[in-house]
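Every read-out reported here was derived from the displayed coordinates using simple, explicitly stated rules and does not represent laboratory data. Keep in mind that this is a model prediction, so the values were computed, not measured. Quick reminder, even Gly has a Cβ in these numbers, built from the backbone with ideal geometry, and neighbours come from all protein chains shown.
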Amino acid sequence: MKAFIAFTKKEFTESLRTYRLIVLAAVFLLLGLMSPLTAKLLPEIMGSIDLGDGVFITMPEASAMSSWEQFFGYIGQMGMLALIITFGGLMANELSRGTLINLLTKGMKRQTVILSKFLTASVLWAGSYALSLAVCYAYTAFFWPGGVLSNAFLAFFSLWLFGEFLIALLIFGGVLFGNFYGSLLGCFGVIIILSTLNLFPALSKFNPSSLAAQTLNLLSAQKEAADYLPAFIICAAAAALLVAAAIAVFNKRRV
Amino acid sequence: MGDLKEYLPILIPLGIVSVGLLIASLAHIFTHKKYRVGNRALWVIVSFINFIGPVLYFAIGKGDE
């Protein structure tokens with residue numbers, strides 16, 4: 001436990017010194033700000049495009065729901081991209097630089113490294129996501145007061161859970177390949193496979209990637225929580241399994 | 001475009017944060033000589049890609065100290 005706390009402290013200090021914490025927070029703050037703004041501006045921009053012969057595109061008036069639609073779009077794509085780039089080197093950089101050798105030969109357990117890194121990344125991700133959510137919520141309430149969100153907790157929780165899945169995937173990829181690009185490519189590969197599977201509507205119920213894109217439908221009450229329950233369970237189980245697999249692989253691996 | 005004033009409460013913080021990110025990464029690029037990948041010119045250009053540029057620089061480009 002002592003080793004775990006000490007290593008976690010080291011992880012947070014590292015996040016601070018490598019600007020990881022501040023950059024991630026800034027990016028998610030930006031995404032939170034951009035969502036309501038895009039929602040508000042989009043109808044005006046589209047409306048000002050002349051398709052010729054005086055034909056204009058008319059879009060429905062922006063509402064709180066269009067702001068949340070943008071939020072899910074931004075966080076689900078740009079946010080996840082930022083998350084992947086930021087945490088891609090989490091495990092891989094230590095392995096390629098050999099900075100863990102000293103600690104491990106002094107008797108620190110290998111699982112401590114993985115669990116501590118997972119915890120730190122989760123805290124950073126949860127913090128930046130909460131920041132983004134709070135900002136978007138405040139501006140959405142400011143521009144479109146009096147809206148009611150259904151299933152709000154589950155819908156927002158699902159995005160966070162998908163982020164956790166990606167972090168677990170990045171750590172596993174980092175342990176497996178031992179370098180930044182391997183970890184990154186492994187993660188993108190899984191995302192591409194999952195998005196391809198999403199083309200089949202029958203599978204989207206079980207697909208973790210629908211947590212990042214489709215749970216918006218929970219907010220507008222077009223779908224019920226039960227529709228995504230299998231995806232929730234599979235996503236959480238996959239994340240836990242990936243962390244366990246990362247520990248197992250790391251135990252066998254030469255540092 | 002409608003009344004710009006309506007958007008000010010959101011445009012001001014948006015501007016501050018994205019310019020802040022840009023300045024932070026440019027400042028780091030110009031005060032450091034060594035990069036893990038690429039060179040100074042590349043990273044200066046990349047920094048201008050809105051918010052993903054600085055993220056990329058701090059994650060991949062920044063050299064070890």
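Things worth noting here:
- Cross-chain or 6+ apart pairs with Cβ under 7 Å, the stretch A:59-76 first and over 12 Å from A:Leu31 (Cα atoms), then assigned to a helix (DSSP H, G or I) and among the charged types (D, E, K, R): A:Ala62/A:Lys40
- Where helices (runs of 4 or more DSSP H) sit wholly within chain B, those with at least 2 residues that are within 7 Å of chain A (Cβ to nearest Cβ) and farther than 18 Å from A:Phe180 by Cα occupy B:8-31.
- Residues that are more than 7 Å from chain B (Cβ to nearest Cβ) and surrounded by 21 or more Cβ atoms within 10 Å (Cβ to Cβ) were ranked within the stretch A:21-33; the one that is farthest from B:Ile23 (Cα to Cα) is A:Gly32.
- When A:Asp53 is tested against (1) surrounded by fewer than 16 Cβ atoms within 10 Å (Cβ to Cβ); (2) of a type outside the set (A, V, I, L, M, F, W, C); (3) within 12 Å of chain B (Cβ to nearest Cβ); (4) without any contact (Cβ under 8 Å) to a residue 60 or more places away in the chain, just one condition goes unmet, and that condition is (3).
- Condition met for A:Ser67 (in contact with a Lys or Arg (Cβ under 9 Å, 6 or more places away or on another chain), within 14 Å of another protein chain (Cβ to nearest Cβ) and either surrounded by 19 or more Cβ atoms within 10 Å (Cβ to Cβ) or part of a loop (DSSP other than H, G, I, E, B) (or both)): yes
- Taking residues in the stretch A:206-230 that are touching a residue at least 40 places away in the same chain (Cβ under 8 Å), and partners anywhere that are among the acidic types (Asp, Glu), the pairs with Cβ atoms closer than 7 Å and at least 6 places apart or on different chains are A:Leu216/A:Glu69.
- In the stretch A:136-194, residue farthest from A:Gly89 (Cα to Cα) [restricted to those that are of a type in the set (S, T, N, Q) and within 14 Å of chain B (Cβ to nearest Cβ)]: A:Thr140
- Filtering the stretch A:136-154 to residues that are free of Cβ contacts under 8 Å to residues at least 12 places away in the same chain and within 22 Å of the chain's Cα centre (by Cα) leaves A:Tyr137, A:Ala138, A:Phe153.
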